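Notes for the one structure printed next.
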Amino acid sequence: MGNLFDKLIDWVIVLANGKGSLSRKFSILLEGSRNRHIFLFILLAVPISFLAHSLYLAHKSLLIALIPILVLVAFALILLASNKVKQRLKDARNSNQIKLVGFNYDFNESVLRRIFASLTKYEFLDENKTRFSDFYNVFVEDFEKHDSIVHFNCTQPQLKYILEKFKYLKRGFDLTTFERSGKFYNKGK
């Protein structure tokens, strides 16, 4: 609430000094969703108050006059609840999507050379596009240190089988981890 009050004071100062940055201040005020909702509530509260007052004067019943105010309060509560749900869903998605910086397998070079040799022997890897250094970099180094990509040349079930074997060597990995990395291509895709 204090932040909103500070923004309102800034508006008064801007109006006193000139209208130069009024639109910029207004957009800054509405940047936060909480400020946007407060502003919307105030905009709706003024005509609703006049409507409630008119209903009270027309019908002389406090109960009838409270109906528009109760609708406004219900609308505000629904808006706040939906915002809270959206925020929690966003937080849940963000916590599940941790940035992938590398596979960082604990292989020594000789083990990876044997795996690479076996995959190229049976033509599962495209030798023209994938060198051993690319293969090593993708599985051992951080992605920021290289631009290496591994190009497979096999069927989808074969690729799935190969990646399943790598998946079990690192806790928390699944097939979508390899897909999210963007470091694997199969037949150019």
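Which of (1) free of Cβ contacts under 8 Å to residues at least 12 places away in the same chain; (2) aromatic (Phe, Trp, Tyr); (3) not in a helix (DSSP H, G or I) does Phe107 not meet, given it meets every other one?
(1)
Look at the stretch 147-178 and say how many of its residues are at pLDDT below 80 and either outside any helix (DSSP H, G or I) or outside the structural domain of Phe124 (by TED's automatic domain parsing) (or both).
Result for the stretch 147-178: 7.
Within the stretch 31-54, is even one residue farther than 30 Å from Asp10 by Cα, touching a helix residue (DSSP H, G or I) at 6+ places or on another chain (Cβ under 6 Å) and at pLDDT 85 or above? Spell out the reasoning first.
Within the stretch 31-54, the first condition is being farther than 30 Å from Asp10 by Cα, and the residues that meet it are 51-54.
Then drop every residue that is not touching a helix residue (DSSP H, G or I) at 6+ places or on another chain (Cβ under 6 Å), which leaves 51-52.
Add one more test, that the residue is at pLDDT 85 or above, and what stays is 51-52.
So far as the stretch 31-54 goes, yes, one or more of its residues are farther than 30 Å from Asp10 by Cα, touching a helix residue (DSSP H, G or I) at 6+ places or on another chain (Cβ under 6 Å) and at pLDDT 85 or above.
Which residues, taken from the stretch 130-146, are in contact (Cβ under 8 Å) with a residue 24 or more places away in the chain, surrounded by 13 or more Cβ atoms within 10 Å (Cβ to Cβ) and outside any helix (DSSP H, G or I)?
Across the stretch 130-146, the qualifying residue is only Glu141.
Of all residues in the stretch 55-66, how many are loosely packed, with under 14 Cβ neighbours inside 10 Å and of a type outside the set (D, E, K, R)? Even if it seems obvious, please write down each step before you answer.
Of the stretch 55-66, the ones loosely packed, with under 14 Cβ neighbours inside 10 Å are 57-64.
Next, only the ones that are of a type outside the set (D, E, K, R) stay: 57-59, 61-64.
Selection size over the stretch 55-66: 7.
Could you list, in sequence order, all residues of the stretch 179-189 that are outside any helix (DSSP H, G or I), farther than 16 Å from Asp134 by Cα and under 28 Å from the mean Cα position of the chain (by Cα)?
Hit for the stretch 179-189 is Lys189, nothing else.
The values are calculated or read from the model by the stated rules, or taken from the named source; none is laboratory data. Quick caveat: nothing in here was measured; it's all calculated off a predicted structure. Note: ideal-geometry Cβ built from the backbone for every residue, glycine included; neighbour counts use all protein chains shown.
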